[in-house]
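Notes follow the structure.
The values are calculated or read from the model by the stated rules, or taken from the named source; none is laboratory data. As the structure is a prediction and not an experimental result, all values here were calculated from the model. In this analysis, Cβ positions are derived from the backbone assuming ideal geometry, glycine residues included, and neighbour counts consider all displayed protein chains. Just the protein is used for accessible areas: all its heavy atoms, side chains included, with ligands, DNA and RNA removed. Shrake-Rupley method; radii C 1.70, N 1.55, O 1.52, S 1.80 Å.
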Amino acid sequence: TNFEPQDITKWNKDIEVDLIMHGSPCQDFSLSGKNLGGDEGSGTRSSLMYETIRIVNKLKPKYVIWENVKNILSKTHIHNFENYLHKLNELGYTNYYQVLNAKDYGIPQNRERVFVVSILKEYDTEGFTFPEPFELETRLKDLLEDEVPESYYLEQKTIDKK
């Protein structure tokens, strides 16, 4: 309730946490972005994932969960993904990853994302298995309102603009 926005590059608190969940900015890995990548020290938004590694090193949580776009596994960006896994492994974590699609887990959207679950080795006694997909029962139209105010529609001049 007291959320205070902070600059992650300056974050340096001494707290105890069991879990860090993060989704570093994906624009520089995304197919719809500029493909600037996330090399360590590059200054791109996506390179902020290394700030999380810094924080993980400081706090040593039992679990770390990271989500990002599927394109991080592409030939262009796989080295960043592998470097992330390598650095967490060096810090004592076992990494598990899988591409999951929101539509396979109850969300009516075709949205593939890579999820990495990293477990501090001393707590990784049974390994980790991602949940099994299940049949989608909700369609997008089930979630949409029946009547939408005109203010939400694009004007014809905007539609015609090329």
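Got at least one residue in segment 133-140 being of a type in the set (A, V, I, L, M, F, W, C), modelled with pLDDT of 90 or more and surrounded by 10 or more Cβ atoms within 10 Å (Cβ to Cβ)? Spell out how you get there, then give the answer.
Narrowing segment 133-140 to residues of a type in the set (A, V, I, L, M, F, W, C): 134, 136, 140.
Subsequent filtering for residues that are modelled with pLDDT of 90 or more retains 134.
The next check asks that each one be surrounded by 10 or more Cβ atoms within 10 Å (Cβ to Cβ); those that pass are none.
So far as segment 133-140 goes, no, none of its residues is of a type in the set (A, V, I, L, M, F, W, C), modelled with pLDDT of 90 or more and surrounded by 10 or more Cβ atoms within 10 Å (Cβ to Cβ).
Out of everything in segment 94-126 that is in a strand (DSSP E or B) and of a type in the set (S, T, Y), what residue ends up being farthest from the chain's Cα centre (by Cα)?
The qualifying residue farthest from the chain's Cα centre (by Cα) is T94.
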Here are some conditions: (1) open to solvent by 40 Å² or more (accessible area, probe 1.4 Å); (2) under 13 Å from the mean Cα position of the chain (by Cα). E82 meets all but one. Which one does it not meet? (2)
Boolean, S24 is of a type in the set (S, T, N, Q), open to solvent by less than 70 Å² (accessible area, probe 1.4 Å) and farther than 26 Å from L120 by Cβ: no
Selected residue (only one of L36, L59, L48, L19 is among the aliphatic types (A, V, I, L, M) and exposed (fewer than 12 other Cβ atoms within 10 Å of the Cβ)): L19
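Would you confirm whether or not segment 112-124 contains a residue that is without any contact (Cβ under 8 Å) to a residue 40 or more places away in the chain and among the polar types (S, T, N, Q)?
At the first step, the residues of segment 112-124 found to be without any contact (Cβ under 8 Å) to a residue 40 or more places away in the chain are 121-122, 124.
Remaining after also requiring among the polar types (S, T, N, Q): none.
So far as segment 112-124 goes, no, none of its residues is without any contact (Cβ under 8 Å) to a residue 40 or more places away in the chain and among the polar types (S, T, N, Q).
Check segment 115-138 and report whether any residue there is touching a Pro at 6+ places or on another chain (Cβ under 6 Å) and farther than 29 Å from V17 by Cβ. Walk me through it before giving the result.
Taking segment 115-138 and keeping what is touching a Pro at 6+ places or on another chain (Cβ under 6 Å), we get 138.
Applying the additional criterion that residues be farther than 29 Å from V17 by Cβ yields 138.
Within segment 115-138 (the criterion being touching a Pro at 6+ places or on another chain (Cβ under 6 Å) and farther than 29 Å from V17 by Cβ), the answer is yes, since at least one residue qualifies.
Please specify each residue of segment 39-93 satisfying the condition of being part of a helix (DSSP H, G or I), of a type in the set (A, V, I, L, M, F, W, C) and closer than 12 Å to S118 by Cα.
Taking segment 39-93 first, the residues part of a helix (DSSP H, G or I) are 45-59, 70-73, 78-90.
With the extra rule that they be of a type in the set (A, V, I, L, M, F, W, C), the set shrinks to 48-49, 53, 55-56, 59, 72-73, 78, 81, 85, 88.
Scanning segment 39-93 gives I53, V56, L85, L88.
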